[in-house]
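Encoded as C-alpha coordinates, the structure appears first; notes follow it.
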Amino acid sequence: MDTEKSGGLSAVMSGSDNTSGEVITGTRNDYGETKRGLSPRHVQLMAIGGSIGTGLWVGIGGVLSKAGPLSLILGYAFWGLLFIWPLNLTVAEMCAYLPVRGSIFELASRFVDPALGFAMGWTYFFAGVMLVCTEYSAVATVMQYWNADINPAAWIAMAMVVCFLLNVVAVKWYGESEFIMASTKVILLFGLCLITLITMSGGNPQHDAYGFRNWGSGNAMHEFYATGDTGRFLGWFKVVIYAAFTIAGPDMIALAAGEIQNPRRTIPRVAKLIFYRLVGFYIVGVLCVGIICSSRDPSLLGAIENSEPGAAASPWVVGIKNLHINVLPDIINALIMISGWSCGNAYLYSSSRTLYGLAKDGQAPKIFAKCTKSGVPIWSVVAVSLISCITFLVSSNSAVEVFYWFVDLTTTALIMTYTMMLVAFIGFYRARNAQGLDPASLPYRAPWAPYTAYLALVLGVLALIFVGYNTFVPFDSRSFVTAYFGLFFGIFMFIVWKVVKRTSFVKPSQADLISGKKEVDDECRHWEEGGIEEVEKERLAQMSFARRCWERLW
(Lines give C-alpha, C1' and ligand atoms only; values in the text may rest on other atoms or scores of the structure.)
Protein backbone atom coordinates (compact mmCIF):
# COMPACT_ATOMS: atom_id res chain seq x y z
CA MET A 1 0.00 0.00 0.00
CA ASP A 2 1.26 3.46 -0.88
CA THR A 3 1.57 5.08 2.52
CA GLU A 4 1.77 8.60 1.06
CA LYS A 5 -1.74 8.50 -0.37
CA SER A 6 -4.94 9.08 1.55
CA GLY A 7 -7.84 6.77 1.06
CA GLY A 8 -6.33 3.69 2.65
CA LEU A 9 -9.81 2.23 2.89
CA SER A 10 -10.11 1.87 -0.86
CA ALA A 11 -6.69 0.22 -0.97
CA VAL A 12 -7.60 -2.17 1.80
CA MET A 13 -10.80 -3.12 0.02
CA SER A 14 -9.30 -3.55 -3.42
CA GLY A 15 -5.75 -4.51 -2.53
CA SER A 16 -4.51 -2.08 -5.19
CA ASP A 17 -2.40 1.03 -4.61
CA ASN A 18 -3.38 2.45 -7.99
CA THR A 19 -7.07 2.12 -7.30
CA SER A 20 -6.66 3.99 -4.04
CA GLY A 21 -4.85 6.82 -5.72
CA GLU A 22 -7.36 7.11 -8.55
CA VAL A 23 -10.37 7.18 -6.27
CA ILE A 24 -8.99 9.92 -4.03
CA THR A 25 -7.63 12.00 -6.91
CA GLY A 26 -10.94 11.79 -8.73
CA THR A 27 -12.86 12.75 -5.63
CA ARG A 28 -10.70 15.78 -4.93
CA ASN A 29 -10.47 17.08 -8.49
CA ASP A 30 -13.98 16.38 -9.70
CA TYR A 31 -16.02 16.51 -6.53
CA GLY A 32 -14.22 18.89 -4.17
CA GLU A 33 -13.98 18.26 -0.45
CA THR A 34 -15.15 19.59 2.88
CA LYS A 35 -13.17 22.44 4.48
CA ARG A 36 -11.87 23.13 7.98
CA GLY A 37 -14.29 25.89 8.87
CA LEU A 38 -15.39 24.81 12.36
CA SER A 39 -13.68 26.63 15.23
CA PRO A 40 -13.32 25.10 18.72
CA ARG A 41 -16.24 27.28 19.82
CA HIS A 42 -18.46 25.76 17.11
CA VAL A 43 -17.42 22.21 17.92
CA GLN A 44 -18.00 22.61 21.67
CA LEU A 45 -21.53 23.88 21.13
CA MET A 46 -22.23 21.26 18.43
CA ALA A 47 -21.24 18.54 20.91
CA ILE A 48 -23.44 20.11 23.59
CA GLY A 49 -26.31 21.06 21.30
CA GLY A 50 -26.48 17.67 19.62
CA SER A 51 -26.88 16.04 23.02
CA ILE A 52 -29.65 18.22 24.45
CA GLY A 53 -32.85 17.55 22.52
CA THR A 54 -36.55 17.35 23.21
CA GLY A 55 -36.05 13.96 24.85
CA LEU A 56 -34.57 15.71 27.89
CA TRP A 57 -37.44 18.19 28.10
CA VAL A 58 -40.60 16.27 27.19
CA GLY A 59 -40.01 12.54 26.68
CA ILE A 60 -38.26 12.22 30.04
CA GLY A 61 -41.67 12.50 31.74
CA GLY A 62 -42.51 9.00 30.50
CA VAL A 63 -39.50 7.32 32.12
CA LEU A 64 -39.86 9.45 35.28
CA SER A 65 -43.41 8.13 35.73
CA LYS A 66 -42.33 4.52 35.08
CA ALA A 67 -39.11 4.39 37.12
CA GLY A 68 -39.13 7.17 39.73
CA PRO A 69 -36.64 10.00 40.41
CA LEU A 70 -33.88 7.94 42.08
CA SER A 71 -33.88 5.39 39.26
CA LEU A 72 -33.69 8.31 36.83
CA ILE A 73 -30.44 9.61 38.37
CA LEU A 74 -28.89 6.16 38.78
CA GLY A 75 -29.74 5.15 35.21
CA TYR A 76 -28.33 8.31 33.64
CA ALA A 77 -25.19 8.19 35.81
CA PHE A 78 -24.60 4.52 34.96
CA TRP A 79 -24.90 4.91 31.18
CA GLY A 80 -23.21 8.28 31.02
CA LEU A 81 -20.16 7.52 33.15
CA LEU A 82 -19.55 3.87 32.23
CA PHE A 83 -20.43 3.92 28.52
CA ILE A 84 -20.56 7.44 27.02
CA TRP A 85 -17.56 8.86 28.91
CA PRO A 86 -15.02 6.15 27.90
CA LEU A 87 -16.54 6.04 24.41
CA ASN A 88 -15.83 9.75 23.90
CA LEU A 89 -12.28 9.53 25.22
CA THR A 90 -11.29 6.50 23.15
CA VAL A 91 -12.79 7.89 19.93
CA ALA A 92 -10.98 11.18 20.62
CA GLU A 93 -7.64 9.33 20.79
CA MET A 94 -8.25 7.67 17.45
CA CYS A 95 -9.67 10.71 15.63
CA ALA A 96 -7.06 13.13 16.98
CA TYR A 97 -4.33 10.90 15.53
CA LEU A 98 -6.06 10.65 12.12
CA PRO A 99 -8.68 13.42 11.69
CA VAL A 100 -9.33 12.39 8.09
CA ARG A 101 -12.35 13.37 6.02
CA GLY A 102 -13.44 9.75 5.68
CA SER A 103 -14.27 9.95 9.41
CA ILE A 104 -14.44 7.13 11.91
CA PHE A 105 -16.12 4.78 9.43
CA GLU A 106 -12.99 4.76 7.31
CA LEU A 107 -10.88 4.12 10.41
CA ALA A 108 -13.07 1.14 11.34
CA SER A 109 -12.49 -0.27 7.86
CA ARG A 110 -8.73 0.13 8.22
CA PHE A 111 -8.33 -1.23 11.72
CA VAL A 112 -10.96 -4.01 11.90
CA ASP A 113 -12.74 -4.92 8.65
CA PRO A 114 -14.08 -2.91 5.69
CA ALA A 115 -17.44 -4.58 6.37
CA LEU A 116 -17.47 -3.00 9.85
CA GLY A 117 -16.88 0.47 8.38
CA PHE A 118 -19.68 -0.10 5.88
CA ALA A 119 -22.11 -1.40 8.52
CA MET A 120 -21.23 1.36 11.01
CA GLY A 121 -21.59 4.08 8.41
CA TRP A 122 -24.98 2.95 7.13
CA THR A 123 -26.30 2.19 10.63
CA TYR A 124 -25.36 5.66 11.80
CA PHE A 125 -26.79 7.15 8.62
CA PHE A 126 -30.08 5.41 9.43
CA ALA A 127 -29.91 6.63 13.05
CA GLY A 128 -29.07 10.16 11.94
CA VAL A 129 -31.97 10.37 9.51
CA MET A 130 -34.33 8.98 12.15
CA LEU A 131 -33.05 11.64 14.58
CA VAL A 132 -33.76 14.35 12.02
CA CYS A 133 -37.30 12.96 11.73
CA THR A 134 -37.58 12.74 15.53
CA GLU A 135 -36.72 16.40 15.98
CA TYR A 136 -38.92 17.57 13.10
CA SER A 137 -41.88 15.68 14.59
CA ALA A 138 -40.98 17.17 17.99
CA VAL A 139 -41.19 20.67 16.51
CA ALA A 140 -44.69 19.77 15.26
CA THR A 141 -45.82 18.53 18.68
CA VAL A 142 -44.48 21.66 20.37
CA MET A 143 -46.21 24.00 17.91
CA GLN A 144 -49.48 22.16 18.58
CA TYR A 145 -49.20 23.31 22.19
CA TRP A 146 -50.31 26.75 20.96
CA ASN A 147 -52.47 25.80 17.98
CA ALA A 148 -53.80 22.28 17.49
CA ASP A 149 -56.03 23.23 14.52
CA ILE A 150 -53.23 23.67 11.96
CA ASN A 151 -52.06 20.42 10.34
CA PRO A 152 -48.68 19.56 11.93
CA ALA A 153 -47.28 18.90 8.44
CA ALA A 154 -47.04 22.69 8.02
CA TRP A 155 -44.64 22.94 10.98
CA ILE A 156 -42.62 19.99 9.61
CA ALA A 157 -42.20 21.79 6.29
CA MET A 158 -41.14 24.98 8.04
CA ALA A 159 -38.47 23.18 10.11
CA MET A 160 -37.18 21.27 7.07
CA VAL A 161 -36.74 24.40 4.93
CA VAL A 162 -34.88 26.33 7.64
CA CYS A 163 -32.53 23.42 8.48
CA PHE A 164 -31.86 22.74 4.79
CA LEU A 165 -30.91 26.37 4.15
CA LEU A 166 -28.62 26.44 7.19
CA ASN A 167 -26.87 23.28 6.00
CA VAL A 168 -26.18 24.42 2.43
CA VAL A 169 -24.34 27.58 3.39
CA ALA A 170 -20.61 27.48 4.20
CA VAL A 171 -19.81 25.28 7.19
CA LYS A 172 -18.63 28.32 9.14
CA TRP A 173 -22.14 29.81 9.02
CA TYR A 174 -23.69 26.47 9.88
CA GLY A 175 -21.41 26.45 12.92
CA GLU A 176 -22.56 29.97 13.88
CA SER A 177 -26.25 29.03 13.62
CA GLU A 178 -25.72 25.93 15.73
CA PHE A 179 -23.70 27.95 18.26
CA ILE A 180 -26.62 30.35 18.75
CA MET A 181 -29.35 27.68 18.92
CA ALA A 182 -27.32 25.38 21.17
CA SER A 183 -26.62 28.30 23.50
CA THR A 184 -30.36 28.75 24.06
CA LYS A 185 -30.59 25.10 25.17
CA VAL A 186 -27.79 25.55 27.67
CA ILE A 187 -29.46 28.70 29.01
CA LEU A 188 -32.80 26.86 29.27
CA LEU A 189 -31.28 23.98 31.24
CA PHE A 190 -29.43 26.29 33.61
CA GLY A 191 -32.58 28.34 34.04
CA LEU A 192 -34.73 25.31 34.87
CA CYS A 193 -32.19 23.99 37.38
CA LEU A 194 -32.04 27.45 39.00
CA ILE A 195 -35.85 27.61 39.14
CA THR A 196 -35.89 24.20 40.83
CA LEU A 197 -33.33 25.28 43.43
CA ILE A 198 -35.21 28.50 44.20
CA THR A 199 -38.71 27.02 44.32
CA MET A 200 -37.75 23.95 46.38
CA SER A 201 -36.34 26.37 48.96
CA GLY A 202 -39.64 28.22 49.20
CA GLY A 203 -39.14 30.88 46.53
CA ASN A 204 -42.48 30.39 44.81
CA PRO A 205 -45.93 32.08 44.92
CA GLN A 206 -47.12 29.56 47.52
CA HIS A 207 -43.98 29.97 49.69
CA ASP A 208 -43.88 26.18 49.88
CA ALA A 209 -40.40 24.82 50.66
CA TYR A 210 -41.19 21.42 49.21
CA GLY A 211 -37.58 20.13 49.05
CA PHE A 212 -37.47 16.41 48.27
CA ARG A 213 -41.12 15.83 49.14
CA ASN A 214 -41.78 14.19 45.75
CA TRP A 215 -39.31 11.43 46.67
CA GLY A 216 -41.26 10.36 49.74
CA SER A 217 -43.99 7.78 50.27
CA GLY A 218 -42.09 5.11 48.31
CA ASN A 219 -41.91 7.21 45.11
CA ALA A 220 -38.10 7.21 44.75
CA MET A 221 -38.03 3.96 42.75
CA HIS A 222 -41.02 2.43 40.97
CA GLU A 223 -41.70 -1.11 39.90
CA PHE A 224 -41.94 -1.56 36.14
CA TYR A 225 -42.97 -4.65 34.17
CA ALA A 226 -42.56 -6.84 37.28
CA THR A 227 -42.95 -6.59 41.03
CA GLY A 228 -40.54 -6.24 43.92
CA ASP A 229 -36.80 -5.79 43.45
CA THR A 230 -37.02 -7.21 39.92
CA GLY A 231 -39.56 -4.55 38.99
CA ARG A 232 -37.40 -1.76 40.45
CA PHE A 233 -34.36 -3.11 38.58
CA LEU A 234 -36.32 -3.18 35.30
CA GLY A 235 -37.51 0.36 35.96
CA TRP A 236 -33.88 1.42 36.35
CA PHE A 237 -32.93 -0.45 33.16
CA LYS A 238 -35.74 1.35 31.30
CA VAL A 239 -34.01 4.61 32.26
CA VAL A 240 -30.64 3.26 31.04
CA ILE A 241 -32.15 2.54 27.61
CA TYR A 242 -33.78 5.98 27.46
CA ALA A 243 -30.47 7.57 28.47
CA ALA A 244 -28.92 5.82 25.46
CA PHE A 245 -31.29 7.86 23.29
CA THR A 246 -30.88 11.22 25.00
CA ILE A 247 -27.13 11.25 25.80
CA ALA A 248 -25.22 11.84 22.58
CA GLY A 249 -21.93 10.10 21.97
CA PRO A 250 -18.83 11.32 20.10
CA ASP A 251 -20.55 11.22 16.71
CA MET A 252 -20.44 15.00 16.19
CA ILE A 253 -16.71 15.08 16.97
CA ALA A 254 -15.92 12.06 14.79
CA LEU A 255 -17.98 13.20 11.81
CA ALA A 256 -16.69 16.77 11.91
CA ALA A 257 -13.03 15.67 12.28
CA GLY A 258 -12.28 16.65 8.68
CA GLU A 259 -13.85 20.12 9.12
CA ILE A 260 -12.43 21.11 12.51
CA GLN A 261 -9.74 23.78 12.80
CA ASN A 262 -6.68 22.65 14.75
CA PRO A 263 -8.23 19.16 15.18
CA ARG A 264 -5.42 17.64 17.27
CA ARG A 265 -6.00 20.22 19.98
CA THR A 266 -9.76 20.71 19.58
CA ILE A 267 -10.88 17.06 19.51
CA PRO A 268 -9.17 16.03 22.80
CA ARG A 269 -10.29 19.27 24.46
CA VAL A 270 -13.93 18.71 23.54
CA ALA A 271 -13.78 15.05 24.60
CA LYS A 272 -12.15 15.78 27.97
CA LEU A 273 -14.99 18.14 28.85
CA ILE A 274 -17.56 15.36 28.35
CA PHE A 275 -17.40 14.48 32.08
CA TYR A 276 -18.55 17.96 33.05
CA ARG A 277 -21.30 17.90 30.40
CA LEU A 278 -22.53 14.55 31.70
CA VAL A 279 -22.62 15.74 35.31
CA GLY A 280 -23.76 19.31 34.63
CA PHE A 281 -26.39 18.69 31.97
CA TYR A 282 -27.70 15.21 32.59
CA ILE A 283 -27.17 14.10 36.18
CA VAL A 284 -27.97 17.51 37.68
CA GLY A 285 -30.75 17.99 35.10
CA VAL A 286 -32.54 14.71 35.88
CA LEU A 287 -32.05 15.32 39.61
CA CYS A 288 -33.89 18.63 39.26
CA VAL A 289 -36.70 17.23 37.13
CA GLY A 290 -37.39 14.57 39.78
CA ILE A 291 -37.50 17.28 42.45
CA ILE A 292 -39.80 19.80 40.77
CA CYS A 293 -42.36 17.26 39.55
CA SER A 294 -43.75 14.19 41.27
CA SER A 295 -43.47 10.97 39.27
CA ARG A 296 -47.08 10.30 40.36
CA ASP A 297 -48.44 13.74 39.49
CA PRO A 298 -51.97 13.33 38.02
CA SER A 299 -51.36 16.11 35.45
CA LEU A 300 -48.18 14.45 34.21
CA LEU A 301 -49.75 11.00 34.02
CA GLY A 302 -52.83 12.42 32.28
CA ALA A 303 -50.74 14.31 29.70
CA ILE A 304 -48.74 11.14 28.94
CA GLU A 305 -51.87 8.99 28.78
CA ASN A 306 -53.63 11.41 26.40
CA SER A 307 -50.50 12.13 24.31
CA GLU A 308 -50.88 15.85 24.89
CA PRO A 309 -48.66 17.92 22.58
CA GLY A 310 -45.59 20.02 23.29
CA ALA A 311 -44.59 21.00 26.77
CA ALA A 312 -47.91 19.86 28.22
CA ALA A 313 -46.32 16.46 28.96
CA SER A 314 -43.06 17.98 30.21
CA PRO A 315 -42.45 17.34 33.94
CA TRP A 316 -40.73 20.74 34.08
CA VAL A 317 -43.89 22.52 32.89
CA VAL A 318 -46.19 20.40 35.05
CA GLY A 319 -44.12 21.22 38.13
CA ILE A 320 -44.04 24.96 37.34
CA LYS A 321 -47.80 25.03 36.72
CA ASN A 322 -48.40 23.32 40.06
CA LEU A 323 -46.50 26.20 41.71
CA HIS A 324 -48.82 28.69 39.94
CA ILE A 325 -45.97 30.44 38.13
CA ASN A 326 -47.51 32.12 35.07
CA VAL A 327 -45.97 32.84 31.64
CA LEU A 328 -43.02 30.46 32.15
CA PRO A 329 -44.71 27.43 30.50
CA ASP A 330 -45.07 29.35 27.21
CA ILE A 331 -41.46 30.54 27.37
CA ILE A 332 -40.24 27.01 28.06
CA ASN A 333 -42.33 25.65 25.18
CA ALA A 334 -40.75 28.20 22.83
CA LEU A 335 -37.25 27.25 23.95
CA ILE A 336 -38.08 23.55 23.60
CA MET A 337 -39.12 24.27 20.01
CA ILE A 338 -35.72 25.92 19.35
CA SER A 339 -34.09 22.92 21.01
CA GLY A 340 -35.80 20.51 18.62
CA TRP A 341 -34.95 22.74 15.67
CA SER A 342 -31.30 22.83 16.73
CA CYS A 343 -31.06 19.05 17.00
CA GLY A 344 -32.74 18.63 13.61
CA ASN A 345 -30.17 21.04 12.20
CA ALA A 346 -27.28 19.18 13.89
CA TYR A 347 -28.35 15.72 12.75
CA LEU A 348 -29.03 16.86 9.21
CA TYR A 349 -25.37 17.91 9.28
CA SER A 350 -24.11 14.64 10.81
CA SER A 351 -26.17 12.30 8.60
CA SER A 352 -25.20 14.21 5.42
CA ARG A 353 -21.51 14.02 6.43
CA THR A 354 -21.94 10.30 7.05
CA LEU A 355 -23.28 9.83 3.52
CA TYR A 356 -20.43 12.01 2.22
CA GLY A 357 -17.88 9.84 4.04
CA LEU A 358 -19.43 6.64 2.68
CA ALA A 359 -19.39 8.02 -0.86
CA LYS A 360 -15.80 9.18 -0.47
CA ASP A 361 -14.79 5.65 0.55
CA GLY A 362 -16.65 3.99 -2.32
CA GLN A 363 -19.44 2.62 -0.13
CA ALA A 364 -22.19 4.88 -1.52
CA PRO A 365 -22.74 6.45 -4.97
CA LYS A 366 -19.99 8.97 -5.80
CA ILE A 367 -22.50 11.74 -6.45
CA PHE A 368 -22.91 12.09 -2.68
CA ALA A 369 -19.25 13.12 -2.39
CA LYS A 370 -19.92 16.19 -4.55
CA CYS A 371 -19.10 19.38 -2.61
CA THR A 372 -19.81 23.01 -3.35
CA LYS A 373 -17.04 25.59 -3.44
CA SER A 374 -17.73 26.37 0.22
CA GLY A 375 -17.19 22.69 1.16
CA VAL A 376 -20.81 21.53 1.57
CA PRO A 377 -21.67 17.99 0.32
CA ILE A 378 -24.76 19.35 -1.41
CA TRP A 379 -26.30 16.14 -2.77
CA SER A 380 -25.86 14.39 0.59
CA VAL A 381 -27.80 17.22 2.26
CA VAL A 382 -30.50 16.98 -0.43
CA ALA A 383 -30.76 13.19 -0.03
CA VAL A 384 -31.18 13.34 3.76
CA SER A 385 -33.75 16.12 3.40
CA LEU A 386 -35.78 14.06 0.93
CA ILE A 387 -35.68 10.91 3.09
CA SER A 388 -36.74 12.92 6.15
CA CYS A 389 -40.01 13.68 4.34
CA ILE A 390 -41.33 10.48 5.96
CA THR A 391 -41.88 12.74 8.97
CA PHE A 392 -45.03 13.89 7.17
CA LEU A 393 -46.60 10.75 8.65
CA VAL A 394 -47.73 13.16 11.36
CA SER A 395 -50.37 14.46 8.93
CA SER A 396 -52.28 11.19 9.27
CA ASN A 397 -51.16 10.03 12.73
CA SER A 398 -50.71 11.64 16.12
CA ALA A 399 -47.51 13.74 16.11
CA VAL A 400 -46.68 12.42 19.59
CA GLU A 401 -47.17 8.81 18.46
CA VAL A 402 -44.90 9.30 15.43
CA PHE A 403 -42.31 10.97 17.69
CA TYR A 404 -42.07 7.82 19.84
CA TRP A 405 -41.83 5.59 16.75
CA PHE A 406 -38.72 7.48 15.72
CA VAL A 407 -37.34 7.39 19.28
CA ASP A 408 -37.54 3.58 19.33
CA LEU A 409 -35.97 3.23 15.89
CA THR A 410 -33.16 5.63 16.75
CA THR A 411 -32.15 4.29 20.17
CA THR A 412 -30.98 0.85 19.07
CA ALA A 413 -29.25 2.17 15.94
CA LEU A 414 -27.28 4.63 18.09
CA ILE A 415 -26.24 1.96 20.61
CA MET A 416 -25.23 -0.28 17.69
CA THR A 417 -23.13 2.50 16.13
CA TYR A 418 -21.44 3.41 19.40
CA THR A 419 -20.66 -0.24 20.13
CA MET A 420 -19.01 -0.58 16.72
CA MET A 421 -16.99 2.59 17.47
CA LEU A 422 -15.58 0.81 20.52
CA VAL A 423 -14.67 -2.20 18.37
CA ALA A 424 -12.89 0.19 15.98
CA PHE A 425 -10.88 1.71 18.84
CA ILE A 426 -9.86 -1.73 20.12
CA GLY A 427 -8.68 -2.51 16.58
CA PHE A 428 -6.70 0.76 16.55
CA TYR A 429 -5.19 0.02 19.97
CA ARG A 430 -4.10 -3.46 18.93
CA ALA A 431 -2.68 -2.14 15.64
CA ARG A 432 -0.57 0.59 17.23
CA ASN A 433 0.84 -1.90 19.74
CA ALA A 434 1.55 -4.50 17.06
CA GLN A 435 3.29 -1.96 14.82
CA GLY A 436 5.28 -0.35 17.62
CA LEU A 437 3.72 3.09 17.37
CA ASP A 438 5.13 5.16 20.21
CA PRO A 439 2.21 6.13 22.49
CA ALA A 440 4.05 9.37 23.31
CA SER A 441 3.68 10.43 19.67
CA LEU A 442 -0.11 10.44 19.90
CA PRO A 443 -1.75 13.88 20.22
CA TYR A 444 -4.00 12.45 22.94
CA ARG A 445 -4.20 9.19 24.91
CA ALA A 446 -7.44 8.02 26.52
CA PRO A 447 -6.96 7.29 30.24
CA TRP A 448 -7.40 3.69 31.43
CA ALA A 449 -7.64 2.39 27.87
CA PRO A 450 -8.23 -0.26 26.67
CA TYR A 451 -9.93 -1.52 29.86
CA THR A 452 -12.62 1.15 29.82
CA ALA A 453 -13.27 0.37 26.16
CA TYR A 454 -13.78 -3.33 26.92
CA LEU A 455 -16.14 -2.48 29.82
CA ALA A 456 -18.17 -0.13 27.64
CA LEU A 457 -18.24 -2.75 24.87
CA VAL A 458 -19.77 -5.32 27.24
CA LEU A 459 -22.39 -2.79 28.37
CA GLY A 460 -23.20 -1.91 24.76
CA VAL A 461 -23.71 -5.57 23.78
CA LEU A 462 -25.95 -6.19 26.82
CA ALA A 463 -28.02 -3.10 26.01
CA LEU A 464 -28.48 -4.31 22.43
CA ILE A 465 -29.65 -7.74 23.56
CA PHE A 466 -32.13 -6.49 26.14
CA VAL A 467 -33.22 -3.18 24.61
CA GLY A 468 -36.72 -4.51 23.86
CA TYR A 469 -37.20 -6.82 26.84
CA ASN A 470 -40.71 -5.50 27.53
CA THR A 471 -41.99 -6.30 24.01
CA PHE A 472 -41.99 -10.09 24.46
CA VAL A 473 -44.68 -10.70 27.09
CA PRO A 474 -47.24 -9.89 25.85
CA PHE A 475 -45.62 -9.90 22.42
CA ASP A 476 -46.03 -6.59 20.58
CA SER A 477 -44.89 -6.92 16.97
CA ARG A 478 -44.68 -3.18 16.24
CA SER A 479 -42.70 -2.44 19.40
CA PHE A 480 -40.43 -5.44 18.76
CA VAL A 481 -39.61 -4.26 15.23
CA THR A 482 -38.92 -0.66 16.26
CA ALA A 483 -36.84 -1.82 19.26
CA TYR A 484 -34.61 -4.27 17.39
CA PHE A 485 -34.57 -2.94 13.83
CA GLY A 486 -31.30 -1.04 14.35
CA LEU A 487 -29.55 -4.18 15.62
CA PHE A 488 -30.73 -6.36 12.73
CA PHE A 489 -29.98 -3.60 10.21
CA GLY A 490 -26.37 -3.28 11.42
CA ILE A 491 -25.78 -7.04 11.34
CA PHE A 492 -27.41 -7.30 7.89
CA MET A 493 -25.24 -4.53 6.42
CA PHE A 494 -22.09 -6.14 7.86
CA ILE A 495 -22.94 -9.52 6.30
CA VAL A 496 -23.89 -7.97 2.94
CA TRP A 497 -20.59 -6.13 2.51
CA LYS A 498 -18.57 -9.09 3.77
CA VAL A 499 -20.24 -11.49 1.33
CA VAL A 500 -20.36 -9.16 -1.68
CA LYS A 501 -16.82 -7.78 -1.30
CA ARG A 502 -15.35 -10.88 0.39
CA THR A 503 -13.59 -8.75 2.95
CA SER A 504 -11.28 -10.12 5.63
CA PHE A 505 -10.62 -9.04 9.18
CA VAL A 506 -7.53 -6.84 9.28
CA LYS A 507 -4.50 -8.20 11.14
CA PRO A 508 -3.20 -5.69 13.71
CA SER A 509 0.29 -5.87 12.18
CA GLN A 510 -1.11 -4.95 8.74
CA ALA A 511 -3.67 -2.28 9.71
CA ASP A 512 -3.22 1.02 7.86
CA LEU A 513 -2.09 3.64 10.38
CA ILE A 514 -0.44 5.86 7.76
CA SER A 515 -2.69 6.72 4.81
CA GLY A 516 -3.96 10.28 5.00
CA LYS A 517 -1.69 11.25 7.89
CA LYS A 518 0.78 13.19 5.73
CA GLU A 519 -2.04 15.22 4.19
CA VAL A 520 -3.45 16.03 7.64
CA ASP A 521 0.03 16.89 8.93
CA ASP A 522 0.54 19.31 6.03
CA GLU A 523 -2.92 20.82 6.48
CA CYS A 524 -2.47 21.34 10.23
CA ARG A 525 1.19 22.41 10.19
CA HIS A 526 0.43 26.08 10.92
CA TRP A 527 -1.42 25.02 14.09
CA GLU A 528 1.14 22.45 15.22
CA GLU A 529 4.64 23.45 14.10
CA GLY A 530 6.54 24.55 17.19
CA GLY A 531 4.15 22.71 19.52
CA ILE A 532 0.34 22.73 19.56
CA GLU A 533 0.00 24.45 22.94
CA GLU A 534 2.89 26.84 22.25
CA VAL A 535 1.30 27.99 18.99
CA GLU A 536 -2.02 28.45 20.78
CA LYS A 537 -0.40 30.55 23.54
CA GLU A 538 1.25 32.73 20.91
CA ARG A 539 -2.08 33.22 19.13
CA LEU A 540 -3.83 34.18 22.37
CA ALA A 541 -1.04 36.59 23.33
CA GLN A 542 -1.89 38.74 20.30
CA MET A 543 -5.47 39.28 21.49
CA SER A 544 -7.05 41.71 23.92
CA PHE A 545 -7.69 40.51 27.48
CA ALA A 546 -11.45 40.15 26.92
CA ARG A 547 -11.02 38.24 23.64
CA ARG A 548 -8.36 36.03 25.24
CA CYS A 549 -10.74 35.09 28.07
CA TRP A 550 -13.48 34.28 25.53
CA GLU A 551 -11.22 32.07 23.43
CA ARG A 552 -9.97 30.16 26.49
CA LEU A 553 -13.53 29.08 27.26
CA TRP A 554 -13.41 26.77 24.26
**OP:** Please work out the Kirkwood hydrodynamic radius for segment 420-522, using every pair of different C-alpha atoms, and report it in angstroms with one decimal place.
**Re:** 16.9
Original post:
How do the peptides 341-352, 525-536, 255-266 rank, highest first, by the average count of neighbouring beta carbon atoms within 10 Å per residue?
Top reply: 341-352, 255-266, 525-536
Subject >> Global geometry of segment 42-180, whether rounded, prolate or oblate, following the gyration tensor of its Cα atoms and the 1.5 cut on a/c >> reply: oblate
Original post:
Rounded to the nearest 500 deg cm²/dmol, what is the calculated helix-only ellipticity per residue at 222 nm for the chain, with -39500 (n - 2.57) per DSSP H run of length n ≥ 4?
Top reply: -20500 deg cm²/dmol
**OP:** Can you tell me the relative contact order of the chain? Whole percent, Cα pairs under 8 Å, sequence separation 6 or more.
**Re:** 32
**OP:** Please turn the phi angles of segment 280-287 into ³J(HN,Hα) values with the Karplus equation 6.51 cos²θ - 1.76 cosθ + 1.60 (θ = phi - 60°), one per residue in order, whole Hz, x for glycine and proline.
**Re:** x, 8, 9, 5, 5, x, 6, 4
**OP:** Sort segment 197-263 into rounded, prolate or oblate with this rule: let a ≥ b ≥ c be the square roots of the eigenvalues of the Cα gyration tensor; rounded if a/c is under 1.5, and if a/c is not under 1.5, prolate when a/b is larger than b/c, oblate otherwise.
**Re:** oblate
Subject >> Cα-based equivalent ellipsoid of segment 144-210: semi-axis lengths in Å, sorted from largest, via gyration tensor >> reply: 35, 21, 5
Subject >> Ranking by accessible area, most exposed first, for MET337, MET221 with a 1.4 Å probe >> reply: MET221, MET337
Original post:
In what order, largest first, do LYS370, LYS321 sit by accessible area if the probe radius is 1.4 Å?
Top reply: LYS321, LYS370
Original post:
What's the carbon and sulfur percent of the chain's accessible surface, probe 1.4 angstrom, rounded to a whole number?
Top reply: 64
Original post:
Once the convex hull of the C-alpha atoms of segment 114-267 is built, how many Å³ does it hold per residue, rounded to a whole number?
Top reply: 234
Subject >> Directionally averaged shadow of segment 293-388, computed from the convex hull of its alpha-carbon atoms, nm² >> reply: 8.9
Original post:
Mind listing which chymotrypsin sites (Phe, Trp or Tyr not before Pro) in segment 467-511 are in a DSSP loop and have 14 or fewer other Cβ atoms within 10 Å?
Top reply: PHE472, PHE475, PHE505
Original post:
Once both axes come from the Cα atoms, what is the angle between helix 85-97 and the longest principal axis of the chain, in degrees from 0 to 90, rounded to 10?
Top reply: 20
Subject >> Mean Cα-pair separation over length for segment 390-543, i.e. relative contact order, pairs under 8 Å, 6 or more apart, % >> reply: 31
Original post:
For segment 429-533, what is the accessible area per residue in Å², given a 1.4 Å probe and the full set of protein chains?
Top reply: 59
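The values are calculated or read from the model by the stated rules, or taken from the named source; none is laboratory data. Not measured: the values here are computed from a predicted model. Positions of Cβ are generated from backbone atoms using ideal geometry, with glycine treated the same way; all protein chains shown enter the neighbour counts. For the accessible areas, the whole protein counts, side chains as well, though only heavy atoms, and no ligand, DNA or RNA atoms are used. Shrake-Rupley method; radii C 1.70, N 1.55, O 1.52, S 1.80 Å.
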